[in-house]
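**Student:** Shown below is the structure under consideration.
None of the figures in this text is laboratory data; all of them are computed from the coordinates on show. Owing to the predicted nature of the structure, the values given are computational and were not obtained by experimental measurement. Note that each Cβ is placed from the backbone with ideal geometry, even for glycine, and that neighbours are counted across all protein chains shown.
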């Protein structure tokens with residue numbers, strides 16, 4: 001069963017690499033840059049989740065602040081899993097193909113994909129902190145995973161497992177950290193200097209609010 005899955009994955013990988021090899025050089029360059037830049041999108045999503053969480057609850061602020069930590073932990077889990085497998089990368093195993101990415105030396109194994117694990121972890125952490133951004137987070141995670149296959153660095157099964165490992169690890173540690181992070185945020189918010197980073201300032205009362213207040217006061 002495992003050998004059959006690997007054979008199908010290798011065939012798909014060969015087809016994608018051959019297709020990518022026939023594209024214009026500028027497309028190949030964009031793909032090679034994008035396979036790393038896609039991960040930068042999650043840094044922006046982390047910041048957006050934190051900014052939005054300030055006006056919602058301490059729990060979401062804590063989850064948003066913990067999101068990068070959850071992603072790093074998931075990356076460490078992926079690297080640990082990778083150490084138990086010594087699978088050659090497509091560019092190492094299929095030397096008759098031209099890949100977009102420069103082939104890593106043997107010893108830098110393929111399964112699972114660390115890039116995909118980071119993307120899966122970041123997407124899961126963002127979704128936990130801000131569910132409305134689920135579609136965007138999942139989209140960029142899938143794009144990151146596909147880009148690793150496209151440039152010839154990984155097989156489809158590498159990135160699929162990477163996404164799952166990253167998402168599972170980040171979800172687990174985020175949920176475990178939710179309560180202590182909430183307590184940390186509440187404690188830090190007591191500091192006047194740090195409060196603006198953890199609590200959104202309430203809107204200043206406008207003219208309409210002032211008129212209502214004055215009317216109520218006069219009736220009393």
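**Student:** Using only Cα atoms, find the angle between the long axis of helix 2-21 and the longest principal axis of the chain, and express it within 0 to 90 degrees, rounded to the nearest 10.
**Tutor:** Value to nearest ten degrees: 90.
**Student:** Given springs between every Cα pair under 10 Å in a Gaussian network model of the chain, which of 73, 44, 118 has the largest fluctuation?
**Tutor:** Among 73, 44, 118, the largest mean-square fluctuation in the Gaussian network model of the chain belongs to 44.
**Student:** On to the next question. Measure nothing but the geometry: give the 0 to 90° angle between the long axis through the Cα atoms of 58-82 and the longest principal axis through the Cα atoms of the chain, rounded to 10°.
**Tutor:** Between the helix axis and the principal axis of the chain, the angle is about 10 degrees.
**Student:** Length gain on complete extension for the stretch residue 48 to residue 21, per 0.36 nm per residue less the alpha carbon to alpha carbon distance?
**Tutor:** 6.0 nm
**Student:** A further question on this structure: If the elastic network links every pair of Cα atoms under 10 Å, which of 132, 54, 79 fluctuates the most in the Gaussian network model of the chain?
**Tutor:** Fluctuation is largest for 132.
**Student:** Here's a follow-up. Test of understanding: ordering 83, 110 by Cβ neighbours within 10 Å, fewest first, what list do you get?
**Tutor:** With the fewest neighbours first, 83, 110 line up as 83, 110.
**Student:** Right, here's the next one. Can you grab the distance from the C-alpha centre of segment 123-183 to the C-alpha centre of segment 71-93, Å, no decimals?
**Tutor:** About 16 Å separates the Cα centre of segment 123-183 from the one of segment 71-93.
**Student:** Can you tell me the 0 to 90 degree angle between the C-alpha axis of helix 25-53 and the longest principal axis of the chain, rounded to 10?
**Tutor:** So the helix axis and the longest Cα principal axis differ by about 30 degrees.
**Student:** If I take every Cα pair under 8 Å that is 6 or more residues apart in the chain, average their sequence separation and divide by the length, what percent do I get for the relative contact order?
**Tutor:** 29 percent
**Student:** Considering only 129, 93, 170, give the residue with the highest GNM mean-square fluctuation for the chain, with springs between Cα atoms whenever their separation is below 10 Å.
**Tutor:** Judging by the Gaussian network model, the answer is 93.
**Student:** Among 21, 158, which comes first, then next, by fewest other beta-carbon atoms within 10 Å?
**Tutor:** 21, 158
**Student:** Let me ask something additional. Would you calculate, for the chain, the mean residue ellipticity at 222 nm contributed by helices, counting each DSSP H stretch of 4 or more residues as -39,500 (n - 2.57) and dividing by all residues, to the nearest 500?
**Tutor:** The helix contribution divided over the chain gives -25000 deg cm²/dmol.
**Student:** Among 8, 100, which comes first, then next, by fewest other beta-carbon atoms within 10 Å?
**Tutor:** Placing the least packed residue first, the sequence is 8, 100.
**Student:** With a ≥ b ≥ c the root eigenvalues of the C-alpha gyration tensor of segment 1-73, is it rounded (a/c under 1.5), prolate (a/b larger than b/c) or oblate?
**Tutor:** Verdict is oblate for segment 1-73.
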